[in-house]
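A short worksheet on the structure shown next.
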Amino acid sequence: MNDVTINGYLRSDGRKGIRNIVVVAYLVECAHHVAREIVYPLRSKGVHLLGFPGCYPNSYAHRMLRQLCTHPNVGAVLLVSLGCEGFNRAGLLEEIRATGRPADLLIIQQSGGTRRTIESGAGWVASALNQIQTTLRAPMEVDELIVGTICGGSDATSGITANPAVGRAFDRLVAEGARCIFEETGELIGCEQIMAARAARPELGRSLTACVDKAAHYYTAMGHGSFAPGNAEGGLTTQEEKSMGAYSKSGNSRISGILTPGDVPPKGGLYLLDVVPDTFAADGSVSPRWGFPNISDIQEIGELIACGAHLTLFTTGRGSVVGSAISPVIKICANPETFRRLSEDMDVNAGRILEGETTIDEVGDEIHRLIMRVAAGAPTASEELGHQEFSLVYKSFAPLGPECLPSS
Amino acid sequence: MPAVVAPRFIRIHRDDNVLTVAAPIAAGQTYPVGDTSVVAGEPIAVGFKIAAEAIPAGAKVIKYGAVIGSATRDIAAGEVVHTHNLKSDYLPTYLRGESEGKTV
């Protein structure tokens with residue numbers, strides 16, 4: 001029974017948002033300071049900063065920024081360019097304007113430099129904030145929600161409490177028609193056969209296994225995997241152990257498809273987001289051309305949001321404090337001692353399972369209720385604390401095969 | 001000194017041959033494993049694993065009902081199972097402070 005009414009922000013493509021954010025996006029690191037100065041005085045007014053640091057163009061980065069700037073939680077966008085970087089700024093501006101959103105572009109080299117660009121930007125954003133007050137609202141059902149999940153700062157409690165509880169919430173959301181996304185193929189190494197057996201179609205099962213194989217090759221070629229030193233200090237021993245713990249947050253639903261960053265799932269169901277770049281050498285082997293698949297949890301959250309995630313469920317054992325630009329992050333703390341130390345940063349205390357005070361099922365229901373409240377506008381802990389992290393670096397992806405997505 | 005509490009373990013899957021410690025175990029504390037009991041040689045923190053039964057060298061270690069690696073030596077019932085006696089079948093585990101490329 002969902003008795004919370006979500007009053008969504010209606011967008012021109014028919015999608016609905018649960019927030020109405022003004023995005024200021026820098027198109028090269030050299031424009032970062034100016035963009036940040038525009039955002040800073042307005043950071044508690046729903047103005048978020050994101051951007052791409054690279055000077056050379058990259059189709060993944062362009063796609064990420066396009067999907068983020070036209071995300072249903074976004075009401076208006078200001079692009080900030082230095083002027084000589086390679087990013088296709090005119091193309092991105094055109095793509096955003098085509099959605100009917102207020103959007104503009106400031107080029108620092110043509111706008112009189114730092115101070116004058118900041119002044120122009122601040123004026124534009126103030127006006128955009130007024131303009132989006134009149135965004136149409138429409139009731140939003142649970143089957144219109146896209147929810148992502150990620151874990152970060154894992155310890156051995158993550159896989160015992162918070163991740164299985166998120167799995168229960170995911171099972172319920174998928175049954176209600178929502179679109180749910182899990183990821184971290186590098187952290188699924190060792191459970192690929194179990195995952196393939198859950199594929200909705202046999203050919204999808206083979207692709208799921210191939211996805212994890214690619215991650216294994218990529219991480220091996222990099223020298224090591226996502227297994228951070230802190231994991232072993234928390235009692236986890238191997239990649240496979242961490243993988244099974246991470247995998248448990250996908251729940252027990254059938255897997256409907258595979259996404260790459262920026263693919264919006266076409267219909268309700270459970271999807272795996274493949275975050276490991278496709279960088280095949282001439283002999284078909286995987287070569288880690290772009291370095292680590294994700295430099296931190298932040299970029300993965302950004303990739304989930306680029307797939308349309310309205311909000312992200314972030315499980316943590318050792319205690320991540322992060323949030324995100326654009327979409328709220330709900331933090332589910334797996335470890336009761338971490339919760340006591342960092343309670344202000346956490347939304348759910350799944351560590352009570354460990355202390356015998358509650359069950360995985362009950363925490364799953366609590367997470368589901370919180371998703372509905374946050375979708376209806378209640379701020380998460382990280383939103384209250386002003387967390388709006390964002391990170392984006394170079395990658396490349398091959399187009400998905402037809403077996404990866406269900407027919408819509 | 002943290003208060004000594006009754007030992008508590010979680011078996012996540014019925015096929016598992018390791019248990020997860022759910023309450024901290026003090027050095028010298030006795031805890032039951034199957035039909036026997038074991039005295040902790042050192043403190044064991046929450047989240048660490050102990051062997052639910054004897055696991056011979058080379059045998060698979062099972063948690064979540066899935067293989068999480070292989071025993072690198074004989075492990076006695078009740079013994080802590082970690083990097084000193086369990087290795088990944090996939091990737092090496094890196095510990096803080098170790099030089100790049102050195103594995104355990």
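Could you tell me how many cubic angstrom of Cα convex hull volume region A:259-349 has per residue? Spell out each step's value before the answer.
Details: hull volume 11.4 nm³, N = 91.
So the per-residue hull volume is 125 Å³.
With angles folded into 0 to 90 degrees, how steeply does helix A:162-175 sit against the dominant principal axis of chain A? Use alpha carbons for both and round to 10.
80
Loop by DSSP (not H, G, I, E, B), at most 16 other beta-carbon atoms within 10 Å: where is the longest site-free stretch of chain A for GluC sites (Glu not before Pro)? All intermediate terms of the calculation are to be shown ahead of the outcome.
Numbers: sites that count: A:E141, A:E176, A:E355, A:E357.
It runs A:177-354.
Using the Kirkwood radius built from alpha carbon pairs, what does the Stokes-Einstein equation give as D for region A:83-144 at 4 °C and 1.567 mPa s, in µm² per second?
Numbers: Rh = 14.1 Å.
The calculation lands on 92 µm²/s.
Taking the solvent-accessible surface of protein heavy atoms with a 1.4 Å probe, what is the per residue accessible area of region A:136-218 in Å²? The partial results should precede the final answer.
On the way: 2340 Å² over 83 residues.
Heavy-atom accessible area per residue stands at 28 Å².
Measure off, as a whole percent, the carbon and sulfur share of the 1.4 Å-probe accessible area of chain A, all protein chains present.
51
Across peptide A:150-161, how many C-beta atoms of other chains are within 10 Å of each residue C-beta, on average?
Per-residue shielding by partner chains comes out at 3.
Rounded to whole Å, give me the distance from the Cα center of region A:266-322 to that of region A:334-379.
Each part's Cα centre sits 24 Å from the other's.
Around B:F9, which amide H atoms from residues at least 5 apart in sequence, or from another chain, sit under 5 Å from its own amide H, with H modelled in the peptide plane?
The list, which skips near neighbours in sequence, is B:A22.
Taking every pair of alpha-carbon atoms in region A:102-226, give the share separated by more than 18 Å as a whole percent.
Details: 5628 of 7750 pairs.
In whole percent, the long-distance tail amounts to 73.
Just counting partner chain Cβ atoms within 10 Å, what average do the residues of peptide A:238-251 show around their Cβ?
The shielding value for this peptide is 5.
How much accessible area per residue does region A:299-408 have, counting only protein heavy atoms and a probe of 1.4 Å, in square angstrom?
35
Report, by chain and number, residues whose modeled amide H sits under 5 Å from the one on B:V61, excluding near sequence neighbours (fewer than 5 apart, same chain).
Here B:I68, B:G69, B:S70, B:A71 satisfy the definition.
Averaging over every viewing direction, what projected area does the convex hull of the Cα atoms of region A:71-174 cover, in nm²?
For the Cα atoms of region A:71-174, the hull's average projected area reads 10.6 nm².
For B:60-70, what's the mean count of beta carbons from other chains sitting within 10 Å of each residue's beta carbon? Present the calculation step by step, with values, prior to reporting the outcome.
On the way: counts 0, 4, 1, 10, 12, 2, 9, 6, 12, 6, 1.
Per-residue shielding by partner chains comes out at 6.
Which residues of region A:340-388 end up with at least 10 Å² less accessible area in the presence of all protein chains than when their chain stands alone, using a 1.4 Å probe?
Residues losing area: A:L354, A:E355.
Kirkwood Rh and Cα-based Rg: tell me the resulting Rg over Rh for region A:46-119, rounded to two decimals.
Reported Rg/Rh (Cα atoms, Kirkwood Rh): 0.95.
Any chance you could give the angle, 0 to 90 degrees and rounded to 10, that helix A:114-131 forms with the longest Cα principal axis of chain A?
70
Please pull out the direction-averaged projected area of the protein assembly as shown, using the convex hull of its alpha-carbon atoms, in nm² to one decimal place. Mind showing how you got there, number by number?
Details: hull surface 99.4 nm².
Value for the protein assembly as shown: 24.9 nm².
What list of whole percents do you get for P(r) of region A:1-96, with Cα-Cα distances grouped in 5 Å bins up to the one holding the largest distance?
3, 14, 22, 21, 17, 11, 6, 3, 2, 1, 0
After finding the eigenvalues of the alpha carbon gyration tensor for region A:266-408, what semi-axes result from the square roots of 5 times each, listed largest first in whole Å?
Sorted largest first and rounded, they come to 32, 18, 16 Å.
Lys and Arg at +1, Asp and Glu at -1: add these up for the other residues within a Cβ distance under 13 Å of A:L82 and post the number.
-1
Report the convex hull volume per residue for region A:173-269, counting only C-alpha atoms, in Å³. Can you show the working numbers first?
Working: hull volume 10.4 nm³, N = 97.
In region A:173-269, the Cα hull volume divided by residue count equals 107 Å³.
Please report the buried accessible area for the interface of A with B, total over both chains, probe 1.4 Å, in Å² to the nearest 100.
Adding both sides of the contact gives about 2500 Å².
The values are calculated or read from the model by the stated rules, or taken from the named source; none is laboratory data. In this text the structure is predicted, and so the values were computed from the model without any measurement. In this analysis, Cβ positions are derived from the backbone assuming ideal geometry, glycine residues included, and neighbour counts consider all displayed protein chains. These area figures cover heavy atoms from the full protein model, side chains too; ligands, DNA and RNA do not enter into them. Shrake-Rupley method; radii C 1.70, N 1.55, O 1.52, S 1.80 Å.
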